[in-house]
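One structure is given here, and the rest of the page talks about it.
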Amino acid sequence: MKLKKWLLLLFAAGICMCKGGAQTITDLKEVTWKGFKRVTFKLDGNEAWYTVPPAPLEGKPWVWRAYFPEWHTDMDSLLLQKGVYIAYMNVSDRFGHASAMNRWDDLYAYLTTQLHFAPRPALEAVSRGGLYAYGWAKRNPSKVSCIYAEAPVCDFTSWPAGKGKGKGAPAEWQKLLKVYGLTEGAALQYTDQPKDNLEALAAYKVPVVHVIGLQDQIVPAEENTQVLVQNYIRYGGPATVIPMTRGKQDLEGHHFPIENVASLADFIFENLQKQPQPLPAADYIRSYGKLNNLLFRIRHKEEVTVAFLGGSITNMTGWRNKVAQYLAERYPGTHFRFLNAGIPSLGSLPHAFRFQKDVLDQGRVDLLFIEAAVNDRVNGTPEMQQRRALEGIVRHALGANPAMDIVLMGFADEFKLADLQAGNVPAEIAVHEAVAKHYGLPFINLAAEVNARIAHKEFTWEYDFKNLHPAPFGQELYFNTIKTLLQTQLEGTEPQAVVAKKLPQPMDLLHYGAGRYLPVNAASVKNGFVLHPSWQPADGVGTRPGFVKVPVLEGTTAGAVTRLSFRGSAVGIAVVSGPDAGMIRYSIDDGPEQTLDLYTQWSKGLHLPWYLLLGDGLKKGTHHLDITIADQQHPQSKGHAVRIVYFLVNGK
């Protein structure tokens, strides 16, 4: 009872501090709108409201009005009577700019986490409201049930620029240029209009209905709705266009009566009611640690470097780009530098040995994302090597910069889904999480999330996610959960200072925390090998960036020999394994000779970067590695080639 009275006092005073975040609610009031209760407030100074239905439906479905909230409200009244909330935030004159999208994120977080509104509102956009609704929907396709739009602006070069058939609005165009910080020439070349980049929204099959006026001279449909809908359908998105032809057409055809309001309200209502409702992304985040140092640097507007260490899922256009866009837009006062250290086909073992060159040598890193679970499984990396490699990366990173914040992630593949469906935790996921927990780092179990959502019948692997290299749908899912982590960690109380992390005792004393490359010219004996200062394949077969036009120690005939002297507990080679990859015999410190085939299942069509550990757990001191090209070869190989790009050594 005391808590209830306290909350009532807060409401009367019009002040509420949202627990767990930076949001501040002020000027909280109740008013009456057309017979319905409306709650008005300011969210971090921005005016907002939500209208309460007389009998709210379970789950609190809601419609989010983007602009002109008092225009054509008959539909709102019908939906309120059906139990649906209506919400709005005033971010006028921002034209869908990222600064407006940030405020929308804040309102969404407040309504869904504090007031427990449904996770997928319907978006309702009128005219320039299209810039806002589509701007937010494209950034958050998993959080939208449907879009209803009336004569929406889908290209600001049409309105307000007026560079096509429309009349334009010169004063509004100048406002837009100022908000976006663009010259007119740059604005006319802008490539992220509502009509652009609709792949992810279409992948989520978000239903779209546009009503238009055929005589609209302000926002001509042929420059706006028709272009967007054509693009949307091309990517598989469901869209309907309904011309409004009855009644008086005002404002040069831009204002028109809405025909059959009840059926349009039913479209929104039915999509709001669709099941299942999505599982919370936060359920798959393990906050074993904080990102407080990153938060401090952002709040103090320091320069921040974010590095992404992974394989092809990191390197490809997708979640990484979306994370970079989100951080740059959310914190415009911070100068971000983004380092893509993703290389296709590489997992934790290669990451550990290339980390110094590809990441640390590029300057101070403040936030590091690490993913290796998919390639560790596909490449058959032994569990012990995975553990030593991941622990080594973390210790190497924190040894170089104790203030670095690190996030580990475990992505999905068919093998992990099979493990999870059989009730088993995939070994790669277990290793990632164990390292994160030991070192107090956030861990995101994306494999478990994908599996759970498929079981929840939210989507399918075959038609939506498609494969371990995610389609736009999967990339968006990954980004949404990473964004959830960032929102949770970066919107709290500001830490007082950057704090150096203290390293705990190692999980494995033989971790690869001193992993590094040795250049191929370090080899002391090269009988039959040739050092190419800038190697390129002569067979025209493809290569990976970073593994062509670089020094390569190459031998192509059986019996060729090379020797490397080194100090460290582990040694290996990074080779390019192509169609003519051979086999090697090798020994360490004149010990027993072993044979290893360099040809892989992918070598037929690619000179693949391939990392092989040849010795581990070696005693302290100087060692030597002898490599001889064997006279045997894989049945599918065209030769005996051994092309060493780097020697791998775990030691200083």
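The values are calculated or read from the model by the stated rules, or taken from the named source; none is laboratory data. These figures come from a predicted structure and were not determined experimentally. Neighbour counts run over all protein chains shown; Cβ positions are idealised from the backbone, glycine included. In case anyone asks, the SASA skips ligands and DNA or RNA and just uses the protein heavy atoms, side chains included. Shrake-Rupley method; radii C 1.70, N 1.55, O 1.52, S 1.80 Å.
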T51 passes all but one of (1) over 30 Å from P257 (Cα atoms); (2) at pLDDT 95 or above; (3) among the hydroxyl-bearing types (S, T, Y); which number fails? (1)
Quick check on my filter: what residues within region 158-194 are touching a residue at least 12 places away in the same chain (Cβ under 8 Å), under 21 Å from V208 (Cβ atoms) and hydroxyl-bearing (S, T, Y)? S158
Can we say V541 is in contact (Cβ under 8 Å) with a residue 24 or more places away in the chain and closer than 30 Å to R643 by Cβ? yes
Being among the polar types (S, T, N, Q), touching a Phe, Trp or Tyr at 6+ places or on another chain (Cβ under 8 Å) and closer than 15 Å to I393 by Cβ narrows T314, T305 down to just T314
Keeping to region 124-136, report how many residues are touching a strand residue (DSSP E or B) at 6+ places or on another chain (Cβ under 6 Å) and in a helix (DSSP H, G or I). 2
Identify, by number, the condition in (1) in contact (Cβ under 8 Å) with a residue 60 or more places away in the chain; (2) in a strand (DSSP E or B); (3) more than 20 Å from R544 (Cβ to Cβ) that K652 doesn't meet. (2)
Within region 368-390, residues more than 14 Å from L309 (Cβ to Cβ) and not β-branched (V, I, T) come out as R377, N379, G380, P382, E383, M384, Q385, Q386, R387, R388
Does T481 satisfy being in contact (Cβ under 8 Å) with a residue 24 or more places away in the chain, open to solvent by less than 30 Å² (accessible area, probe 1.4 Å) and in a helix (DSSP H, G or I)? yes
All but one of (1) more than 19 Å from T484 (Cβ to Cβ); (2) in a helix (DSSP H, G or I); (3) touching a Lys or Arg at 6+ places or on another chain (Cβ under 8 Å) hold for M75; state the number of the condition that does not hold. (3)
Residues in region 525-544: is at least one within 23 Å of L598 (Cα to Cα) and acidic (D, E)? yes
Out of region 612-627, which residues are open to solvent by 20 Å² or more (accessible area, probe 1.4 Å) and assigned to a strand (DSSP E or B)? L612, L613, T622, H624, D626
Can you give me the number of residues within region 271-284 that are open to solvent by 40 Å² or more (accessible area, probe 1.4 Å) and more than 11 Å from P61 (Cα to Cα)? 5
Given the conditions (1) assigned to a loop (DSSP other than H, G, I, E, B); (2) open to solvent by less than 10 Å² (accessible area, probe 1.4 Å); (3) not charged (D, E, K, R), and given that P119 satisfies all but one, which numbered condition is not satisfied? (2)
Given the conditions (1) over 14 Å from V575 (Cα atoms); (2) in a strand (DSSP E or B); (3) open to solvent by less than 40 Å² (accessible area, probe 1.4 Å), every one holds for Y646 apart from (1)
Within region 242-291, can you find the residues that are of a type outside the set (S, T, N, Q), assigned to a strand (DSSP E or B) and more than 25 Å from A169 (Cα to Cα)? I242, I285, R286
Of a type in the set (S, T, Y), touching a residue at least 40 places away in the same chain (Cβ under 8 Å), at negative phi and crowded, with 16+ Cβ neighbours inside 10 Å - does that describe any residue in region 51-58? no
I'd like to check something: does region 68-77 contain any residue that is open to solvent by less than 10 Å² (accessible area, probe 1.4 Å), of a type in the set (F, W, Y), within 18 Å of E47 (Cβ to Cβ) and modelled with pLDDT of 95 or more? no
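Each row is one residue, and each column tells you yes or no for (1) over 18 Å from L612 (Cα atoms); (2) modelled with pLDDT under 95; (3) hydrophobic (A, V, I, L, M, F, W, C).
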| site | (1), (2), (3) |
| --- | --- |
| A328 | yes, no, yes |
| S348 | no, no, no |
| F353 | no, no, yes |
| L360 | yes, no, yes |
| F369 | yes, no, yes |
| A372 | no, no, yes |
| L390 | no, no, yes |
| I393 | no, no, yes |
Residue pairs meeting the criteria (Cβ under 6 Å; at least 6 apart or on separate chains; first among the small types (G, A, S), in region 374-403; second open to solvent by less than 20 Å² (accessible area, probe 1.4 Å) and in a helix (DSSP H, G or I)): A389/S348; A389/L349; A389/A352; G392/A352; A403/N293
Out of everything in region 496-535 that is open to solvent by 60 Å² or more (accessible area, probe 1.4 Å) and in contact with a Ser or Thr (Cβ under 8 Å, 6 or more places away or on another chain), what residue ends up being nearest to Q356 (Cα to Cα)? S524
Condition first: more than 24 Å from V378 (Cα to Cα), surrounded by 18 or more Cβ atoms within 10 Å (Cβ to Cβ) and touching a helix residue (DSSP H, G or I) at 6+ places or on another chain (Cβ under 9 Å). Can you find one or more residues in region 305-319 that meet it? yes
Identify the single condition in (1) touching a Lys or Arg at 6+ places or on another chain (Cβ under 6 Å); (2) over 21 Å from E70 (Cα atoms); (3) not charged (D, E, K, R) that A100 does not satisfy, given that it satisfies every other one. (2)
Positions within region 596-609 being touching a Phe, Trp or Tyr at 6+ places or on another chain (Cβ under 8 Å) and open to solvent by 30 Å² or more (accessible area, probe 1.4 Å), in sequence order: L596
Does any residue of region 594-601 turn out to be of a type outside the set (V, I, T) and touching a residue at least 60 places away in the same chain (Cβ under 8 Å)? no
The correct count of residues that are closer than 17 Å to Q487 by Cα and either among the β-branched types (V, I, T) or open to solvent by 30 Å² or more (accessible area, probe 1.4 Å) (or both) in region 122-141 is 1
Can you tell me how many residues within region 329-364 are open to solvent by 40 Å² or more (accessible area, probe 1.4 Å) and either free of Cβ contacts under 8 Å to residues at least 24 places away in the same chain or touching a His at 6+ places or on another chain (Cβ under 6 Å) (or both)? 1
Residue check, Y88 touching a residue at least 12 places away in the same chain (Cβ under 8 Å), open to solvent by less than 10 Å² (accessible area, probe 1.4 Å), closer than 27 Å to K205 by Cβ and of a type in the set (F, W, Y): no
Wholly within region 510-579, which strands (runs of 3 or more DSSP E) include no fewer than the required count, namely at least 3 residues that are within 30 Å of K620 (Cβ to Cβ) and over 41 Å from the mean Cα position of the chain (by Cα)? 561-567
Considering every residue within region 286-308, establish whether at least one is over 27 Å from V499 (Cα atoms), of a type outside the set (K, R), in contact with a Gly (Cβ under 9 Å, 6 or more places away or on another chain) and touching a residue at least 60 places away in the same chain (Cβ under 8 Å). no
